[in-house]
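See below for the structure under consideration.
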Amino acid sequence: MESSLSRPCSSDRVSAVLEKVLKAHQELLSESLPEGAIGEALGRVGEAAHVDRVYVFQNHTSPEGVVCTSHRFEWAASGVSREIDNETLQDLPLRESGYGRWLDLFLENKPVFGNICDFPAPERPILEEQKIKSLLILPIFAEGKLWGFVGFDDCTDQREWSATEIDLLFSLTIVLDRVFSGATLLASESATMELIAFIGRMREIHVTMFSSFSEQELAERTCARISSLVQAYRFFSTRPPAPQVEVKDLFGAIQPFFETLRDESVALGVPLPPLELEIEAFCLPLARALDLVLTVTEVLAILGRSREIDGASLTLSIALTDNHHQGELAVSARNEPPSGSSHTFAPDGMAFLMLRPLRERLRAVEAPRKCPGQVFRLIFPV
């Protein structure tokens with residue numbers, strides 16, 4: 001079946017993939033995008049990811065109601081067979097051809113990945129005919145519906161797909177949503193357009209801070225931000241567009257990503273305590289809900305790289321409350337030792353560049369801590 005997700009990955013490869021992914025976002029949003037540019041942009045990402053083939057398939061439903069898929073775009077490395085003219089890969093009925101598992105995962109906006117030798121037997125023949133040893137397949141949604149998928153084939157070696165790699169490549173499906181929607185999406189109602197705008201700002205900050213951090217640290221921090229947006233996109237893409245978001249549902253969907261940030265702090269030798277979400281039920285406009293997600297991401301990333309919080313605290317609480325239309329975000333270390341001292345939250349230049357516009361969009365102010373163990377407190381109108 002699928003390989004287990006792993007976070008570690010070659011820092012050089014992550015940096016290279018990140019650079020090409022950010023460039024592809026820019027290219028794919030061009031006002032006059034020729035069809036050939038899609039394959040070329042994806043190909044540059046594929047080269048950086050050390051894969052041999054990248055392709056896009058588009059789904060359609062037959063008159064009998066069968067979900068079929070057809071090959072639309074492809075890039076292949078030198079010496080690797082091109083499959084776009086393979087008749088088997090046109091009008092292929094997914095479930096009836098043994099790919100029902102894939103379709104079920106796609107409908108939940110989840111990836112298919114792993115080494116072909118570990119896949120269920122019905123899935124292997126078509127893949128083995130293409131000399132694929134390992135692959136990653138990511139669903140593409142457009143206008144709130146499953147449009148198709150983008151795939152990355154390794155025809156050279158088996159491999160373990162890291163969570164960082166998957167999230168970076170998954171972010172391409174956000175911009176492909178925009179490319180294949182076929183109409184201008186209203187930014188006020190479209191999570192896709194909001195997320196694209198966020199990624200654009202991250203790209204600008206990434207470029208601005210290039211000389212201020214090591215390449216590895218800069219890549220890690222930008223990847224963490226992109227990962228949070230990918231999780232948000234997976235939440236929104238399978239739901240009807242809506243101008244208001246239930247904050248509790250959104251944070252519940254993204255909690256596994258926050259846990260990943262905690263796990264990475266352990267790997268860095270500055271372990272954060274287990275996370276506890278305390279989210280009240282209230283709604284916010286889509287853009288402001290995403291602002292809160294990125295604010296929490298930034299705060300956890302900062303704490304995960306400092307020694308302000310240590311494992312002696314039993315939990316790190318993230319609380320979001322609405323008190324008579326005044327929202328409050330509070331991050332607190334709970335159950336500290338009696339001698340626990342007050343904590344200093346000190347964002348560096350990169351974090352400041354990220355947090356300042358988020359606060360402005362939320363119309364928020366950073367408020368004084370009001371209880372022991374509190375690390376960060378933000379007040380904003382609801």
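Figures for the structure shown
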{"quantity": "Only listed residue being among the acidic types (Asp, Glu) and under 30 Å from residue 254 (Cα atoms), chosen from 96, 108", "calculated": "108"}
{"quantity": "Selection within segment 81-122 - over 19 Å from residue 52 (Cα atoms) and in a loop (DSSP other than H, G, I, E, B)", "calculated": "90, 91, 94, 98, 99, 108, 109, 110, 119, 120"}
{"quantity": "Any hit, segment 116-126, residues being in the same structural domain as residue 55 (by TED's automatic domain parsing), surrounded by fewer than 18 Cβ atoms within 10 Å (Cβ to Cβ), hydrophobic (A, V, I, L, M, F, W, C) and free of Cβ contacts under 8 Å to residues at least 24 places away in the same chain", "calculated": "yes"}
{"quantity": "Lone qualifier among 101, 44, 72 - being touching a strand residue (DSSP E or B) at 6+ places or on another chain (Cβ under 7 Å) and assigned by TED's automatic domain parsing to the domain that holds residue 149", "calculated": "72"}
{"quantity": "Residues that are more than 25 Å from the chain's Cα centre (by Cα) and either part of a strand (DSSP E or B) or closer than 25 Å to residue 162 by Cβ (or both), drawn from segment 19-70", "calculated": "60, 61, 67, 68, 70"}
{"quantity": "Number of the exception - residue 278 against (1) surrounded by 15 or more Cβ atoms within 10 Å (Cβ to Cβ); (2) at pLDDT 70 or above; (3) over 23 Å from residue 197 (Cβ atoms)", "calculated": "(1)"}
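Matching residues to (1) within 13 Å of the chain's Cα centre (by Cα); (2) of a type in the set (Phe, Trp, Tyr); (3) outside the structural domain of residue 26 (by TED's automatic domain parsing); (4) at pLDDT 85 or above:
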| residue | (1), (2), (3), (4) |
| --- | --- |
| 154 | no, no, no, yes |
| 169 | yes, no, no, yes |
| 175 | yes, no, no, yes |
| 192 | yes, no, yes, yes |
| 195 | yes, no, yes, yes |
| 217 | no, no, yes, no |
| 223 | yes, no, yes, yes |
| 232 | yes, no, yes, yes |
| 256 | yes, no, yes, yes |
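Let's see how each residue does on (1) in contact with a strand residue (DSSP E or B) (Cβ under 8 Å, 6 or more places away or on another chain); (2) buried (at least 20 other Cβ atoms within 10 Å of the Cβ); (3) modelled with pLDDT under 95:
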| residue | (1), (2), (3) |
| --- | --- |
| 4 | no, no, yes |
| 8 | yes, no, yes |
| 12 | no, no, yes |
| 66 | yes, no, no |
| 95 | yes, no, no |
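The values are calculated or read from the model by the stated rules, or taken from the named source; none is laboratory data. Values in this document were obtained by computation on a predicted structure and should not be read as measured data. Glycine also receives a Cβ, built like all others from the backbone with ideal geometry; neighbour counts cover every protein chain displayed.
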